[in-house]
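Structure first, commentary second.
The values are calculated or read from the model by the stated rules, or taken from the named source; none is laboratory data. Here the structure is a predicted model, which means the values were calculated and not measured. With ideal geometry, Cβ positions are generated from the backbone for all residues, glycine too; neighbour counts draw on all protein chains shown.
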Amino acid sequence: MKILVAGATGKTGLRLINELSALGHTPIALVRASSDTSTLPADVSLRQGDLTDLHEGTCSGCDAVIFAAGSGGDTSAEMTDKVDRDGAMRLIDLAAKANVGRFVMLSTVGADKPDSNSELAHYLQAKHDADEHLKSSGLSYVIVRPVRLTDDDGKRDLRFGDDVDVNGEAARGDVAAVLATAVNNHDWSGQSFLMQSA
């Protein structure tokens, strides 16, 4: 499958590109003109696009799209809205127009019911809005909500749903593996679930 990856140069995205390639897929990295692509594998296709201003043909020819991007923890509320909410929603709309077969969203614990008293309230609301937009898009989707991320590769020993400790941790390597699996896991179609590394 040809799979467009938003956030391909990020800490999770880089692992995801390698996971997809290992599974025999053809990942396409969505990158800004200013992105440092030196860490991406040399044979990965690049497609230029900025989540704050995506062009109509962004998803053309893709079988699936994975949103693994993020504005970052230290960005303004405005940039959080532009990337995590509006950018994701625009990408969803373009994927629907392009008749993409599956859209996989990297969300976060707490996005289902954002806590207005949380330090991350604005971010959680942005992710919530993007998730809800995906649910109503008509696309086949999977929404993955990991608990607190670590930079570990993980051991692929995973917990999902009700088995997850919301105060636990999720290794980025494990998250990438789940996102890659979600592309064509029929049992997960239309599902939103928590995940953690065991």
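Observations, loosely collected:
- Among (1) modelled with pLDDT of 95 or more; (2) more than 23 Å from K11 (Cβ to Cβ); (3) of a type in the set (S, T, N, Q) - the single one N117 does not satisfy: (1)
- With respect to the conditions (1) over 24 Å from K97 (Cα atoms); (2) surrounded by 18 or more Cβ atoms within 10 Å (Cβ to Cβ); (3) out of contact with any helix residue (DSSP H, G or I) (no Cβ under 6 Å at 6 or more places or on another chain); (4) aliphatic (A, V, I, L, M), A22 falls short on a single one, namely (2).
- Evaluation of P114 against (1) more than 22 Å from D187 (Cα to Cα); (2) in contact with a strand residue (DSSP E or B) (Cβ under 9 Å, 6 or more places away or on another chain) (one fails), failing number: (2)
- Counted residues, region 166-190 - those being outside any helix (DSSP H, G or I) and either touching a residue at least 60 places away in the same chain (Cβ under 8 Å) or more than 21 Å from S21 (Cα to Cα) (or both): 9
- Residue among F193, F160 that is under 25 Å from D63 (Cβ atoms), free of Cβ contacts under 8 Å to residues at least 40 places away in the same chain and among the aromatic types (F, W, Y): F160
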